[in-house]
Amino acid sequence: MKIKVSEEFKVHCPDFRGIAVEAKVVNTPYSEGLWKEIDAYSEELKAHYTVDEIKQRPSIAATREAYRRCGKDPSRYRPSGEALCRRVLKGLQLYQIDTLVDIINLVSMKSGYSIGGFDADKIQGCDLVLGVGHADEPYEGIGRGVLNIEGLPVYRDAVGGIGTPTSDHERTKMTMETTHILAVINGYSGAEGLQEAAEFTVELLRKYARGTEERIFTFE
């Protein structure tokens with residue numbers, strides 16, 4: 001698996017850097033230990049930020065600026081990292097999906113990065129390419145139905161779009177049958193903090209999803 005950044009995207013976001021984690025995993029419906037970590041970090045987040053302040057967090061602010069540069073209003077189509085933090089700061093419980101999704105959500109919330117989590121075996125072709133969404137481009141967001149991705153950063157495989165910072169696509173979503181994960185971490189302000197987020201992802205996969213054969217690789 002290789003990930004490339006299109007020239008179209010580089011024009012809008014020249015400082016972008018990305019890092020990805022690939023691993024063999026075993027998914028489960030729920031992990032008590034993982035949710036203790038999620039609950040603990042939720043309390044830490046609430047101690048340091050308010051709903052109004054969270055968009056100023058550097059990783060979230062950079063993602064919002066990337067949306068503007070590509071042509072999307074980040075207040076109408078919120079990046080997932082921001083949306084997760086806002087939910088916690090409003091006093092709402094995060095959705096409990098399954099262990100793999102919950103791991104991605106914890107890393108996203110803790111780092112502020114929007115992270116794509118994919119069943120790697122459902123990706124078509126050998127490469128992903130990061131570009132910008134086009135008008136009327138078909139895209140079905142997970143749990144969101146048809147999503148207008150015009151002006152959103154979007155990862156495409158050989159068939160079409162599979163991931164945006166707002167929502168990943170139904171076609172490549174992780175399920176209980178997923179045994180091969182690809183997590184893509186987006187650094188719109190550069191590389192700072194990406195390695196730490198990737199290593200934290202690997203740590204959680206090992207602890208809670210029996211992660212093996214991990215591979216971390218960067219792209220830009």
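For the range 50-72, enumerate the residues that are charged (D, E, K, R), free of Cβ contacts under 8 Å to residues at least 60 places away in the same chain and either more than 13 Å from Asp15 (Cα to Cα) or not in a helix (DSSP H, G or I) (or both).
Asp52, Glu53, Lys55, Arg57, Arg64, Arg68
In the range 74-102, what count of residues is obtained for those that are open to solvent by less than 20 Å² (accessible area, probe 1.4 Å), more than 19 Å from Arg57 (Cα to Cα) and assigned to a helix (DSSP H, G or I)?
Residues flagged as open to solvent by less than 20 Å² (accessible area, probe 1.4 Å), more than 19 Å from Arg57 (Cα to Cα) and assigned to a helix (DSSP H, G or I) within the range 74-102 amount to 3.
Kindly indicate the residue of the range 141-159 that is assigned to a loop (DSSP other than H, G, I, E, B) and among the charged types (D, E, K, R) and also farthest from Gly125 (Cα to Cα) among those meeting that condition. Write out each step before concluding.
First pass over the range 141-159, keeping only residues assigned to a loop (DSSP other than H, G, I, E, B): 142-144, 147-152, 157-159.
Now drop any that are not among the charged types (D, E, K, R), which leaves 144, 150, 157.
Values: Arg144: 25, Glu150: 23, Asp157: 6 Å.
Only one residue fits best here, namely Arg144.
Only one residue in Ala66, Ala47 is open to solvent by 20 Å² or more (accessible area, probe 1.4 Å) and either at negative phi or out of contact with any strand residue (DSSP E or B) (no Cβ under 8 Å at 6 or more places or on another chain) (or both), so which one is that?
Sole residue among the options that is open to solvent by 20 Å² or more (accessible area, probe 1.4 Å) and either at negative phi or out of contact with any strand residue (DSSP E or B) (no Cβ under 8 Å at 6 or more places or on another chain) (or both): Ala47.
For the range 121-142, give me each residue that is within 15 Å of the chain's Cα centre (by Cα) and open to solvent by 10 Å² or more (accessible area, probe 1.4 Å).
Selection gives Ile142 alone.
Just give me the residues in the range 106-135 being hydrophobic (A, V, I, L, M, F, W, C), assigned to a loop (DSSP other than H, G, I, E, B) and under 18 Å from Glu22 (Cβ atoms), in sequence order.
Ile123, Cys126
Determine the pairs where a residue that is in a loop (DSSP other than H, G, I, E, B), located within the range 187-202, has a partner that is among the β-branched types (Val, Ile, Thr) and open to solvent by less than 20 Å² (accessible area, probe 1.4 Å) with Cβ atoms under 7 Å apart, the partner being 6 or more residues away or on another chain.
Pairs found: Tyr188/Thr63.
What pairs come out if I take residues in the range 2-22 that are closer than 14 Å to Val154 by Cα and open to solvent by less than 30 Å² (accessible area, probe 1.4 Å) and pair them with residues that are assigned to a helix (DSSP H, G or I) and among the aliphatic types (A, V, I, L, M) whose C-beta lies under 6 Å away, six or more apart or interchain?
As it stands, the answer is Cys13/Ala66, since those pairs meet every condition given.
The values are calculated or read from the model by the stated rules, or taken from the named source; none is laboratory data. These numbers come from a predicted model, not from an experiment. Ideal geometry is used to build each Cβ from the backbone, glycine not excepted, and the neighbour counts take in all protein chains shown. Ligands, DNA and RNA are excluded from the accessible area calculation, which covers all protein heavy atoms including side chains. Shrake-Rupley method; radii C 1.70, N 1.55, O 1.52, S 1.80 Å.
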